[in-house]
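A.B. asks: Okay, here's the structure, questions in a sec.
The values are calculated or read from the model by the stated rules, or taken from the named source; none is laboratory data. Please read these numbers as outputs of a predicted model, since none were measured by experiment. When we count neighbours, we look across all protein chains shown, and the Cβ atoms used for this are built from the backbone with ideal geometry, even at glycine. For accessibility, only protein heavy atoms count, side chains too; no ligands or nucleic acids. Shrake-Rupley method; radii C 1.70, N 1.55, O 1.52, S 1.80 Å.
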Amino acid sequence: MKITLRCFADIREILGAKEQELSLPDGQTVGGLLKALSEAHPPLRQKLYAPDGTLRSHITILKNGRGIASLQQLDTPIDPGDVIALFPSLAGG
């Protein structure tokens with residue numbers, strides 16, 4: 001199945017593109033996608049995950065504009081045509 005991955009800030013720099021179309025196996029979850037991306041781009045793992053393997057709290061992941069925290073979190077299924085967005089929360093003053 002094909003999906004669109006949108007990346008922002010330093011996640012975009014690690015993956016090398018703001019937006020890309022990906023082919024994923026049927027039944028893929030958000031967690032499975034992040035694992036595959038982290039294996040293909042090792043610096044991404046440190047950006048996304050804490051040393052204990054949990055997703056860092058400042059990482060926001062959206063499926064079709066909706067936060068995965070309000071869905072099934074990393075177990076959120078990905079469907080054909082979905083748009084997954086990854087970005088770190090930004091802070092400033």
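A.B. asks: So which of THR4, THR54 is surrounded by fewer than 16 Cβ atoms within 10 Å (Cβ to Cβ), at pLDDT 95 or above and polar (S, T, N, Q)? Break it down into steps so the answer makes sense when it comes.
C.D. replies: Details: THR54 fails: at pLDDT 95 or above.
None of the others qualify; the one that does is THR4.
A.B. asks: Next up: Considering every residue within the range 48-67, establish whether at least one is touching a residue at least 24 places away in the same chain (Cβ under 8 Å) and of a type in the set (Asp, Glu).
C.D. replies: no
A.B. asks: Right, here's the next one. Could you go through the range 36-59 and let me know if any residue there is within 10 Å of the chain's Cα centre (by Cα) and not in a helix (DSSP H, G or I).
C.D. replies: yes
A.B. asks: If we scan the range 60-67, do we find a residue that is farther than 18 Å from CYS7 by Cα and not in a loop (DSSP other than H, G, I, E, B)? Write out each step before concluding.
C.D. replies: Filtering the range 60-67 for residues farther than 18 Å from CYS7 by Cα gives none.
No, there is no match, as no residue in the range 60-67 is farther than 18 Å from CYS7 by Cα and not in a loop (DSSP other than H, G, I, E, B).
A.B. asks: Tell me the residue from PRO80, PRO25 that is surrounded by fewer than 13 Cβ atoms within 10 Å (Cβ to Cβ), in contact with a helix residue (DSSP H, G or I) (Cβ under 9 Å, 6 or more places away or on another chain) and outside any helix (DSSP H, G or I), please. Talk me through it step by step, then tell me what you get.
C.D. replies: On the way: PRO80 fails: in contact with a helix residue (DSSP H, G or I) (Cβ under 9 Å, 6 or more places away or on another chain).
Going through PRO80, PRO25 in turn, the sole match is PRO25.
A.B. asks: Another one. Output the residues belonging to the range 7-18 that are over 12 Å from the mean Cα position of the chain (by Cα) and open to solvent by 70 Å² or more (accessible area, probe 1.4 Å).
C.D. replies: GLU13, LYS18 - these are the residues of the range 7-18 that are over 12 Å from the mean Cα position of the chain (by Cα) and open to solvent by 70 Å² or more (accessible area, probe 1.4 Å).
A.B. asks: Return the residues of the range 67-77 that are surrounded by 12 or more Cβ atoms within 10 Å (Cβ to Cβ) and of a type outside the set (Gly, Ala, Ser); say none if nothing qualifies. Working first, answer last.
C.D. replies: Applying the first criterion (surrounded by 12 or more Cβ atoms within 10 Å (Cβ to Cβ)) to the range 67-77 yields 67-69, 71-74, 76-77.
Listed by number, the residues that qualify are ILE68, LEU71, GLN72, GLN73, LEU74, THR76, PRO77.
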